[in-house]
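**Q** The structure under discussion is supplied below as structure tokens; questions concerning it will follow.
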Amino acid sequence: MTTDTATIARFESDLDLVKRAQIGDADAFASLFHAHKAKVYSVCLRMTNNTAEAEDLTQDAFLQVFRKLATFRGDSALSTWLYRIAVNTVLMHFRKKALKQVSLDEPYNQDAKVVRREYGSRDDRLTGCVDRIALARAIKELPDGYRTIFLLHEVEGYEHQEIAELLDCSVGNSKSQLHKAKLRIRELLGRTLQENEAANSRAQRSRARRETTVRWNPEELTREFPRTVFAEVSQISASNAA
């Protein structure tokens, strides 16, 4: 089965389950839950960076799905609709917790050098062979607002117009947050690179010290120096002791 065929089959299967769930079929809704819970949980986990919160928010998101299922008309894929509900559930969670929101206009670091904004351009400084673990850690360290925009645009492929509608913000704000998220990621990756280089340098110096340390044993000494030399040294030592 090709990818397109599988996608169509998944779409038709979802529509059938939705129609059945809309008329009260509990088993159909359970099937929808099990088919999509992994993706919804992944979205919640990436946005919150907290497994316990992600589990709770996954349940909350599907509670919203249950309440709003009657409004789903099949104009888009069910997965897209579920994703929007999941994102909005997490954002509402952030608002309820009254987390400190990142300014859309001020730089993350007030002392940072002003960098020209590059809206709509490819950022080659983030391309190449980047350690995936380091990149994942950098994304986790982003402030909530930066991380949300970065994941929506760079990972999920949403356009800025779609993000603006989804998050109820302007296109300019979406672009600004994405730009600042990339700056922050470069800063974090640069720091990781420096730490790795420093660790490698220390390891090389340690190996060099071990290689240059001379450990002589008696057999090596007698091969390097005639025994008469040691005899003379012994006589000198004895006379000095007397």
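The values are calculated or read from the model by the stated rules, or taken from the named source; none is laboratory data. If you're wondering where the values come from, they're calculated on a predicted model, not measured in any experiment. A quick note on method: Cβ atoms are made from the backbone with ideal geometry, for glycine too, and the neighbour counts reach across all protein chains shown.
**Q** Name the residue that is nearest to LEU152 (Cα to Cα), counting only residues in region 64-119 that are β-branched (Val, Ile, Thr) and at pLDDT 85 or above. Full working, then the answer.
**A** Restricting attention to region 64-119, the residues satisfying the condition of being β-branched (Val, Ile, Thr) are 65, 71, 80, 85, 87, 89-90, 102, 114-115.
Imposing the further condition that a residue be at pLDDT 85 or above reduces the set to 65, 71, 85, 87, 89-90.
Working: VAL65: 20, THR71: 24, ILE85: 13, VAL87: 9, THR89: 15, VAL90: 13 Å.
Here the answer is VAL87.
**Q** Which of the numbered conditions does GLY74 fail, given that it passes all the others? Conditions: (1) touching a residue at least 40 places away in the same chain (Cβ under 8 Å); (2) outside any loop (DSSP other than H, G, I, E, B).
**A** It is condition (2) that GLY74 fails.
**Q** How about region 18-52: which of its residues are in contact (Cβ under 8 Å) with a residue 12 or more places away in the chain and closer than 17 Å to MET92 by Cα?
**A** VAL40, TYR41, VAL43, CYS44, ARG46, MET47, THR48, ASN49
**Q** Tell me which residues, restricted to region 26-71, are among the aliphatic types (A, V, I, L, M) and surrounded by 14 or more Cβ atoms within 10 Å (Cβ to Cβ). Show your work before the answer.
**A** Let us first name the residues in region 26-71 that are among the aliphatic types (A, V, I, L, M), namely 26, 28, 30, 32, 35, 38, 40, 43, 45, 47, 52, 54, 57, 61, 63, 65, 69-70.
Hits for region 26-71 are ALA28, LEU32, ALA35, VAL40, VAL43, LEU45, MET47, ALA54, LEU57, ALA61, VAL65, LEU69.
**Q** So which pairs qualify, if the first residue must be in region 131-148 and surrounded by fewer than 18 Cβ atoms within 10 Å (Cβ to Cβ), the second must be assigned to a helix (DSSP H, G or I) and β-branched (Val, Ile, Thr), the Cβ gap must be under 7 Å, and the two must be at least 6 apart or on different chains?
**A** ALA134/THR192
**Q** Can you name the residue in region 150-166 that is under 17 Å from VAL40 (Cα atoms) and among the aliphatic types (A, V, I, L, M) and, of all such residues, is surrounded by the fewest Cβ atoms within 10 Å (Cβ to Cβ)?
**A** My answer is VAL155.
**Q** Next question. Considering only region 165-177, state which residues are out of contact with any Leu (no Cβ under 9 Å at 6 or more places or on another chain) and modelled with pLDDT of 85 or more.
**A** Once the filter is applied, which keeps residues that are out of contact with any Leu (no Cβ under 9 Å at 6 or more places or on another chain) and modelled with pLDDT of 85 or more, region 165-177 yields VAL171, LYS175.
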